[in-house]
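First up is the structure itself, then whatever we jot down about it.
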Amino acid sequence: MDTMIILVLVCVSAFWVYWDATGHKIGKLPDEKGTFNISAGSWAMVTLLLWIVGFPAYLINRSRLIEKAKESPVDSKLRYGGATVLAVLALFASFGAYSMYSTGTLPNCNSPEVVQLTNQIVSESPAVQILGLTDISISSHGEKHYNSSSETRFCRGVLKTPLGDEVISYSVEWHNKNTGEFWVQILN
């Protein structure tokens, strides 16, 4: 989700740069040379594709570019059309990122499929088989921590056996996010 917020921020920044530059009549001057002598559309594209460099560069040079535009204004006949194209590109990029990140939501610690897998792993474990334990279950499933960078949920539950109750820890992480396959691992 953090990536989605960053993408929206980049798209809004690029749109604002284009709208601001065309509004102040900033553009490429034919007689000028230099790195910052570019069109409003180029400023927007640099901001969109290389935000970490383009957006600060525009902000730092904005007042100088506005002063230069007062002397030599560059009128953009396609201001609304360019803004529309930029908005549509931003919308498609945002929708693509949203669908990419929302298609594979890792199941929660207490989701039915995770609970079923956890019970299956414990009941089929060698220790349970050797001891001949039956009538075991895990209850009170809950999340202890979520690591967003590795997309791993760290969970806990109460293992109920005829020998007594014990708190166990387990994790839920992706095996294949594209197909929605995940795995559960008992940690203790």
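No value in this document is a laboratory result; all are computed from the given coordinates. Owing to the predicted nature of the structure, the values given are computational and were not obtained by experimental measurement. Glycine gets a Cβ as well: all are built from the backbone with ideal geometry, and neighbour counts include every protein chain shown.
Observations on the structure shown:
- The helix-based estimate of mean residue ellipticity at 222 nm for the chain, built from -39,500 (n - 2.57) per DSSP H run of four or more residues and divided by its residue count, is -16500 deg cm²/dmol to the nearest 500.
- Relative to the longest principal axis of the Cα atoms of the chain, helix 79-102 runs at roughly 10 degrees.
- Residue order, fewest to most surrounding Cβ atoms within 10 angstrom, among His145, His24: His145, His24
- Remark on segment 112-186: ratio of C-alpha radius of gyration to 2.2 N^0.38 Å is 1.17.
- Taking each residue as 0.36 nm, the span from Val167 to Ser63 lengthens on full extension beyond its C-alpha to C-alpha distance by 31.2 nm.
- For the chain, the tally of Lys pairs with Cα-Cα distances below 30 Å comes to 13, considering only residues 8 or more apart or on different chains.
- Pairwise Cα distances in segment 2-102 exceed 20 Å in 37 percent of cases.
- Mean Cα-pair separation over length for the chain, i.e. relative contact order, pairs under 8 Å, 6 or more apart, %: 16 percent
- Expressed as a fraction of 2.2 N^0.38 Å, the C-alpha radius of gyration for the chain is 1.72.
- Gly142 sits among other residues whose Cβ lies under 12 Å from its own Cβ, and their net charge, with Lys and Arg +1 and Asp and Glu -1, is +2.
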